[in-house]
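Notes follow the structure.
The values are calculated or read from the model by the stated rules, or taken from the named source; none is laboratory data. Since we're looking at a predicted model, the values are computed, not measured. Backbone-built Cβ (ideal geometry, glycine too); neighbour counts: all protein chains shown.
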Amino acid sequence: MKTSYNVLFLCTGNSARSIMAEAIMNRKGAPTFRAFSAGSHPSGKVRPEALRQIEAAGLNAAGARSKSWDEFSVPGAPHLHFVFTVCDNAAKEVCPIWPGQPMTAHWGVPDPATVHGTPEEIERAFRSTFSILERRISLFLSLPLASLDQMALQRSLDDIGHQ
C-alpha cells in the first residue's frame, strides 16, 4: 500500500468527536497519516470541552473548525484513503461520493455533547470520548497496512470500531 494516507473523520455536527479524532491522528499518525474532520450538518463551532481535551493531551488545536463534508467531495479536495464515521447519525446518512473509493468503517462513539450535568460530569464525558478515540486510532495505526489485502484490512477496520 501507499506510504502516505489521508483520513477523514465524520460526524453530524463536527464539533467534538471528529475534531478530537483529527487532532489525535495528526499527532500519532504523522508523518504517514494526515487527518481531516467534517460533518454532514456542521454546527459551525467547535465545543470548548473538545478543545480542552486536545490541549490537555498536548495536541495542536490551532485551526480546528466545524466544516461540511462537502469540502472533501469537490475537485481539488485531498484524495481520501480512509473515511471513519464516529457517530451513529452520520453513519446512517448517505455520504457524498468520495473520489477513489476510500476504505470506510463506522467507529460509533458516545456523543459527549449530549451529556448534561455538572461541569465535572461533562468534562468526564469528553475525556472518556477522547480516550476511546485515542485507543481506536492507536489500534488502527498498529495495523500492518502494507501487508494486508483489501478484505483483511476492511475486517480489521470494522473490528476496531467494536473496541
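Within region 114-153, the set of residues being modelled with pLDDT of 95 or more, part of a helix (DSSP H, G or I) and of a type in the set (S, T, N, Q) comprises Ser128, Thr129, Ser131, Ser138. Buried (at least 20 other Cβ atoms within 10 Å of the Cβ) and part of a loop (DSSP other than H, G, I, E, B): is that true of Pro42 in this structure? For Pro42, the condition - buried (at least 20 other Cβ atoms within 10 Å of the Cβ) and part of a loop (DSSP other than H, G, I, E, B) - is met.
Annotation for region 15-32: at least one member residue is assigned to a loop (DSSP other than H, G, I, E, B), touching a helix residue (DSSP H, G or I) at 6+ places or on another chain (Cβ under 9 Å) and over 14 Å from Ile137 (Cα atoms). Being touching a Lys or Arg at 6+ places or on another chain (Cβ under 7 Å) and under 24 Å from Leu143 (Cβ atoms): is that true of Ala38 here? Yes: the conditions hold for Ala38.
Among the conditions (1) modelled with pLDDT under 95; (2) surrounded by fewer than 20 Cβ atoms within 10 Å (Cβ to Cβ); (3) under 30 Å from Met151 (Cβ atoms), the only one that Arg34 does not satisfy is (1).
Filtered by the rule that a residue be closer than 21 Å to Gln101 by Cβ, in contact (Cβ under 8 Å) with a residue 60 or more places away in the chain and β-branched (Val, Ile, Thr), region 1-31 gives a lone residue, Val7.
So, of the residues in region 1-14 that are hydroxyl-bearing (Ser, Thr, Tyr) and part of a loop (DSSP other than H, G, I, E, B), which turns out to be farthest from Arg124 (Cα to Cα)? Lay out the reasoning, then the answer.
Quick first cut of region 1-14, residues hydroxyl-bearing (Ser, Thr, Tyr) only: 3-5, 12.
Adding the requirement that they be part of a loop (DSSP other than H, G, I, E, B) leaves 3-4, 12.
Details: Thr3: 36, Ser4: 34, Thr12: 21 Å.
Among residues in region 1-14 that are hydroxyl-bearing (Ser, Thr, Tyr) and part of a loop (DSSP other than H, G, I, E, B), the one farthest from Arg124 (Cα to Cα) is Thr3.
Scanning region 117-163 for residues that are of a type in the set (Val, Ile, Thr) and surrounded by 13 or more Cβ atoms within 10 Å (Cβ to Cβ) yields Ile122, Thr129, Ile132, Ile137, Ile160.
Inspect all residues belonging to region 20-37 and state whether any of them is among the aliphatic types (A, V, I, L, M) and in contact with a Ser or Thr (Cβ under 6 Å, 6 or more places away or on another chain). Before the answer, list the steps.
Residues of region 20-37 that are among the aliphatic types (A, V, I, L, M), as a first pass: 20-21, 23-25, 30, 35.
If we keep only those that are in contact with a Ser or Thr (Cβ under 6 Å, 6 or more places away or on another chain) too, we end up with none.
No, that holds for no residue.
From the residues in region 45-61 that are charged (D, E, K, R) and assigned to a loop (DSSP other than H, G, I, E, B), which one is farthest from Cys87 (Cα to Cα)?
Of the residues in region 45-61, the ones charged (D, E, K, R) are 45, 47, 49, 52, 55.
Those still in the list that are assigned to a loop (DSSP other than H, G, I, E, B) too: 45, 47.
Numbers: Lys45: 17, Arg47: 16 Å.
Step by step, filter region 45-61, then rank; the result is Lys45.
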